[in-house]
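Below you'll find the structure, written out as structure tokens, and then a few comments.
The values are calculated or read from the model by the stated rules, or taken from the named source; none is laboratory data. Note that the coordinates shown come from a computational prediction; the quantities given were computed from them, not determined experimentally. Quick reminder, even Gly has a Cβ in these numbers, built from the backbone with ideal geometry, and neighbours come from all protein chains shown.
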Amino acid sequence: MSTYLGECYCGVIKFYCDGDPFFTQYCHCNKCREVAAPSKRDTDKLGYAWTAGYLTPSFNITSGIDNLLEISRNNAKLFLCKSCYSLIYGISIDPTKQEGIGVNANNFYFTGSMPESFKPVRHIWYINKIVNFNDELPKFKDAPKEQFGSGELWNYDDSK
Ligand SMILES: [Zn+2]
Ligand SMILES: [Zn+2]
């Protein structure tokens with residue numbers, strides 16, 4: 001099984017994940033943008049989040065756990081580095097809506113090219129987007145049903 005290493009922008013918080021993420025996706029929601037705003041890592045602030053979904057036991061912090069800053073937004077708890085404010089991961093507060101955790105994929109570093117399993121499979125909360133994508137990925141207005149959204153797809157008419 002592959003192990004993927006990551007760290008926050010300043011390097012105080014280090015972690016690893018066992019195995020491939022079960023998906024990665026882009027999230028365009030306002031909460032992700034707000035949380036990314038103070039980050040010192042430029043790639044956190046492109047206007048959308050790149051999130052890797054993992055089951056909680058696969059995610060392991062190896063240093064800097066005391067440097068985590070916990071904040072709550074809507075139904076999520078988010079953990080940032082106190083020093084560089086890069087988002088490390090988020091979990092749902094409601095355990096019945098928690099399939100796992102969302103790890104900020106910008107914090108991974110790969111030896112060689114990015115693994116296939118880190119290629120995003122969809123856009124979510126595209127209704128709140130500030131950055132347009134012309135890719136072929138499905139774009140959900142909010143979220144897929146399995147992520148407790150409406151499952152409705154955004155289409156270009158919605159922006160007119
Ligand atoms: Zn940091
Ligand atoms: Zn989001």
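Could you check segment 118-156 and list, in sequence order, the residues that are among the hydroxyl-bearing types (S, T, Y), at pLDDT 95 or above and exposed (fewer than 15 other Cβ atoms within 10 Å of the Cβ)?
First, the residues of segment 118-156 that are among the hydroxyl-bearing types (S, T, Y): 126, 150, 156.
Within this subset, residues satisfying the condition of being at pLDDT 95 or above are 126, 150.
Hit for segment 118-156 is S150, nothing else.
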Review point. Tell me, which residue of segment 62-81 that is within 18 Å of E34 (Cα to Cα) and surrounded by fewer than 16 Cβ atoms within 10 Å (Cβ to Cβ) is modelled with the lowest pLDDT?
Key: N74
**Study point:** Search result, residues across segment 91-129 that are without any contact (Cβ under 8 Å) to a residue 24 or more places away in the chain and within 13 Å of the chain's Cα centre (by Cα)
**Key:** S92
Point to revise | Selected residue (only one of G6, G19 is more than 16 Å from ligand 1 (Cβ to nearest atom), touching a helix residue (DSSP H, G or I) at 6+ places or on another chain (Cβ under 7 Å) and not β-branched (V, I, T)) | key: G19
**Study point:** Condition check for Y89: within 16 Å of ligand 1 (Cβ to nearest atom) and aromatic (F, W, Y)
**Key:** yes
Review point. Restricted to segment 45-76, and to residues that are touching a residue at least 40 places away in the same chain (Cβ under 8 Å) and polar (S, T, N, Q), which residue is nearest to ligand 1 (Cβ to nearest atom)?
Key: N67
**Study point:** Counted residues, segment 27-54 - those being within 11 Å of the chain's Cα centre (by Cα), of a type in the set (S, T, N, Q) and within 16 Å of N132 (Cα to Cα)
**Key:** 0
Revision key, fill the gap. In segment 24-44, anything surrounded by fewer than 17 Cβ atoms within 10 Å (Cβ to Cβ) and either assigned to a strand (DSSP E or B) or away from ligand 1 (no atom under 16 Å from the Cβ) (or both) is listed as N30, E34
Study note, to complete from the structure: Checked against (1) more than 25 Å from D142 (Cα to Cα); (2) within 16 Å of ligand 2 (Cβ to nearest atom), F15 satisfies every condition except (2)
